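The values are calculated or read from the model by the stated rules, or taken from the named source; none is laboratory data. Bear in mind that the values here come from a model prediction, so they are computed numbers and not experimental data. All Cβ positions, even for glycine, are placed from backbone atoms using ideal geometry, and neighbour counts span all protein chains on display.
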Ligand SMILES: Cc1cc2nc3c(=O)[nH]c(=O)nc-3n(C[C@H](O)[C@H](O)[C@H](O)COP(=O)(O)OP(=O)(O)OC[C@H]3O[C@@H](n4cnc5c(N)ncnc54)[C@H](O)[C@@H]3O)c2cc1C
């Protein structure tokens, strides 16, 4: 049975924050509801965590919608749907890596309903955690995915700390490559957080995947113009070609001069509890042509330190090859 809750439909962010504050840990921000409704049905966390009595829907808040573009880049409202993002002419034309990432999330129906805020704030998809196991992330003292007989082919290679889940957002690595910032409003005012710092790993807080605390609302995402119009590449490898989460994905933007990589940003997801910017790869390839040799160096650098769990070893090959292809991809 889906447990009962009270639904609030504020028309402004301040009003939403007021309700969220009132119910504090018993409140829940509702955007497109795709992840949230699954949560309610699973009731995964509820044995240990406070139950959300107040659902605060952001649907009626006009200021959270829409994409504005200007000389300084893009301002994308948190309630902008993934379809809007994937099809917006300016995003397609100038920030192709973001349009491509949003356009490869799941199915058209999910992209029509799922929002940018919900995609970047989505929770772990680990089936032990989602399935109600009393794991570390749910407040227990075991990682059920990290046991000898566990089904862990979707789990991580890097950054594990007791919990071995991965972050599954397709949009996050594209935003990292573009140096985006997340604008968060809460009871203490507004904060602008670089997207890399928006995510936190289990070593920092094992119960959440990002810096959001009760009472906080993502209002928009800012994409600076620095990488606008540059060469870009996004690729997502998944188990099924139709609407599936990525096993590993890669996003890259690059600036070339005289056939040499002058500057590059490269990020991946699906391999660690947070999306990862691969700065070692960026440094290794800057100043070189995006040829086969550089691509090989990039791939080998990307997998340095990877420690697969039992069934996730195939992701090492995927990570190496996707990063190689990203280097080749920004050349054309
Ligand atoms: C079948 C299926 C397949 C999927 N496949 C993919 C895939 O291939 N790639 C991929 O990247 N994702 C995938 N997803 C995840 C999907 O993209 C997200 O579930 C969706 O984008 C969430 O958006 P939403 O608007 O429905 O968020 P909700 O479900 O409403 O919210 C998700 C989480 O974000 C929080 N939240 C939402 N908006 C805000 C905000 N503005 N401020 C603060 N907190 C907020 C909510 O409190 C909740 O914790 C899939 C989901 C499903 C159900």
All-but-one check, residue 239 against (1) at pLDDT below 95; (2) within 10 Å of the ligand (Cβ to nearest atom); (3) in contact with a strand residue (DSSP E or B) (Cβ under 8 Å, 6 or more places away or on another chain), failing number (2)
Can you name every residue in segment 242-266 that is within 16 Å of the ligand (Cβ to nearest atom), farther than 20 Å from residue 98 by Cβ and crowded, with 20+ Cβ neighbours inside 10 Å? 247
List pairs: first residue in segment 199-211 and modelled with pLDDT under 95, second residue buried (at least 20 other Cβ atoms within 10 Å of the Cβ) and not in a loop (DSSP other than H, G, I, E, B) anywhere in the structure, Cβ distance under 8 angstrom, at least six positions apart or on different chains. 207/137; 207/138
Residues located in segment 263-308, provided they are touching a strand residue (DSSP E or B) at 6+ places or on another chain (Cβ under 6 Å) and assigned to a helix (DSSP H, G or I): 281, 282, 285
Test each condition in (1) under 17 Å from the mean Cα position of the chain (by Cα); (2) part of a strand (DSSP E or B); (3) within 11 Å of the ligand (Cβ to nearest atom) for residue 185 and report the one that comes out false. (1)
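Sort out which residues of segment 73-127 are part of a helix (DSSP H, G or I), near the ligand (Cβ under 7 Å from one of its atoms) and buried (at least 24 other Cβ atoms within 10 Å of the Cβ), and write them in order of number.
Answer for segment 73-127, where residues must be part of a helix (DSSP H, G or I), near the ligand (Cβ under 7 Å from one of its atoms) and buried (at least 24 other Cβ atoms within 10 Å of the Cβ): 82, 117, 118, 119.
Which residue, of 43, 137, is at pLDDT below 95, more than 9 Å from the ligand (Cβ to nearest atom) and buried (at least 20 other Cβ atoms within 10 Å of the Cβ)?
On the way: 43 fails: buried (at least 20 other Cβ atoms within 10 Å of the Cβ).
Answer to the check: 137.
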Return the pair list, or none, for Cβ contacts closer than 8 Å from residues in segment 60-72 that are assigned to a strand (DSSP E or B) to residues that are within 11 Å of the ligand (Cβ to nearest atom), at least 6 apart or on different chains. 67/77; 67/80; 67/85
Filter segment 158-193 down to the residues that are without any contact (Cβ under 8 Å) to a residue 60 or more places away in the chain and under 27 Å from residue 318 (Cα atoms), then identify the one that is surrounded by the fewest Cβ atoms within 10 Å (Cβ to Cβ). 162
Name, by its number, the condition in (1) more than 28 Å from residue 82 (Cα to Cα); (2) within 18 Å of the chain's Cα centre (by Cα); (3) not in a loop (DSSP other than H, G, I, E, B) that does not hold for residue 172. (1)
Take segment 270-302 and flag every residue that is in contact (Cβ under 8 Å) with a residue 24 or more places away in the chain, touching a helix residue (DSSP H, G or I) at 6+ places or on another chain (Cβ under 9 Å) and more than 21 Å from residue 230 (Cα to Cα). 270, 271, 274, 275, 296, 299, 302
